[in-house]
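Below is one structure, written out as structure tokens; the observations come after it.
Nothing in this text is a laboratory measurement; each read-out follows from the coordinates by a stated rule. Bear in mind that the values here come from a model prediction, so they are computed numbers and not experimental data. For neighbour counting, all protein chains shown are included, and Cβ atoms are generated from backbone atoms with ideal geometry for every residue, glycine included.
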Amino acid sequence: MTLNVVHRRRWDVYREKGADNIINEGQISQLLYHCITFNAIIPMRSELSSMITRKNYNRVLHVGFWIIFMTLSTFLFSNFWPLKTAVLRALLNGSLFILVFYINLLFLIPHFFSKKRYILYGVSSVGLIVFFFTMRILFRDYLFGVPAGIGFSSRPYQGEFLIITSFIFIFGLSIFYELARNHFDAAQRNMEILRQRNEAEFRMLKAQVNPHFLFNTLNNLYSLAYERSEKTAGAIMSLAEIMRYLVYEAGASEVPVEKEIRFLTNYVELEKLRIEDPSKVTMVIEKPSGHLMVFPLIFIAYVENAFKHSCIDTDPEGFIQIFLSFRDGGIFFTCENSIPATRVREKDGGLGLVNARARLDLMCPGKSELTINSTSMVYHVNLTIRI
């Protein structure tokens with residue numbers, strides 16, 4: 001049975017039981033959990049597959065490099081010796097170079113260089129090169145019986161100079177490879193840390209929005225349906241659009257700003273259902289020019305915080321004002337709400353706004369400015385994002 005079928009059957013069960021029996025926050029949270037985790041499973045499998053692919057790619061890269069190296073060596077040696085001798089020399093050199101490369105890469109660098117034991121690393125490196133250089137000379141004289149200088153040049157010891165230079169080059173190549181790999185791995189780890197933090201904060205924001213908001217909205221919808229209000233159909237459509245956005249759009253790295261505006265508008269309209277005087281909520285949004293992309297749920301934390309702390313449904317003097325404009329290469333968002341005199345205010349609006357500020361630092365480093373001011377009567381949030 002596929003996960004899609006499981007989630008559909010769970011929803012059918014909830015629907016068949018009727019609103020009077022099942023509408024509570026725990027079950028709403030559980031339903032949302034199944035929707036969100038379904039979207040998370042496929043990326044997790046993809047990441048595991050990508051990890052295995054990268055590991056195999058590194059192995060193929062190493063094997064391919066040494067095959068090409070030995071092939072080129074054979075081609076070079078064939079200009080001076082018969083093909084059989086050229087192949088033997090290429091295999092001999094390649095084998096010794098491989099040993100030097102991986103002894104340095106897998107033993108000397110991790111045990112000495114990475115631990116800043118530079119003197120011991122230097123002595124070991126010189127010893128390694130001298131040892132394998134000596135082995136190369138002995139193997140050459142034993143297998144081929146060729147005295148120094150014969151083959152490449154008539155100059156004495158030209159061959160020995162080329163051999164030791166080759167060992168030093170291969171040794172340096174292993175150092176360069178390790179440094180490049182460490183730099184790449186560090187960059188990948190930083191990107192993975194940022195990705196995980198962003199995903200965690202997305203989940204936290206979704207958890208903030210979904211359970212309480214949906215619980216209140218469903219109760220409001222029940223009241224509208226009971227009264228046979230003409231607003232029922234529109235409210236249900238707004239809730240469906242919000243659910244669709246949270247499940248299918250909010251996991252993306254970026255979304256068109258029009259979709260984010262639509263989500264925010266639907267949220268505000270549903271929140272106004274529980275307010276006796278909806279005129280207390282002012283929302284002015286300018287139409288964006290051009291095709292702008294923003295990261296999902298960028299404004300919702302501030303709006304949700306305003307509805308939560310203004311007590312607009314019970315405070316006669318309560319109000320919420322939301323403004324969103326696009327000009328001069330930037331996005332300008334402002335949200336103000338009243339503060340009841342009897343309400344204990346949380347610093348910076350609580351954990352939700354702290355997480356939202358952290359997300360801005362991660363998603364828009366150096367491109368966003370968030371200002372939060374609070375007086376005894378008004379809580380003001382101003383967000384500017386440079387495009």
**Prompt:** What ranking of C335, C311, C364 emerges when the number of other C-beta atoms within 10 Å of each C-beta is taken as an exposure proxy, fewest first?
**Reply:** C311, C364, C335
**Item:** 13 Å beta-carbon shell around L105, net charge (K/R +1, D/E -1)
**Value:** 0
**Prompt:** Where the centre of each part is set by its Cα atoms, how far does segment 92-144 sit from segment 293-346, in angstrom?
**Reply:** 66
**Item:** Neighbour net charge for S368 - beta-carbon separation under 11 angstrom, K R +1, D E -1
**Value:** +2
**Message:** With the cut-off at 1.5 for a/c, could you classify segment 93-134 from its C-alpha gyration tensor as rounded, prolate or oblate?
**Reply:** oblate
**Asked** Quick one: F295, F75, fewest Cβ neighbours within 10 Å first, how do they rank?
**Response** F75, F295
**Prompt:** Where nothing but the Cβ of Lys and Arg (+1) and of Asp and Glu (-1) is charged, how large is the charge dipole of segment 251-387 around its Cα centre, in debye to the nearest 20?
**Reply:** 280
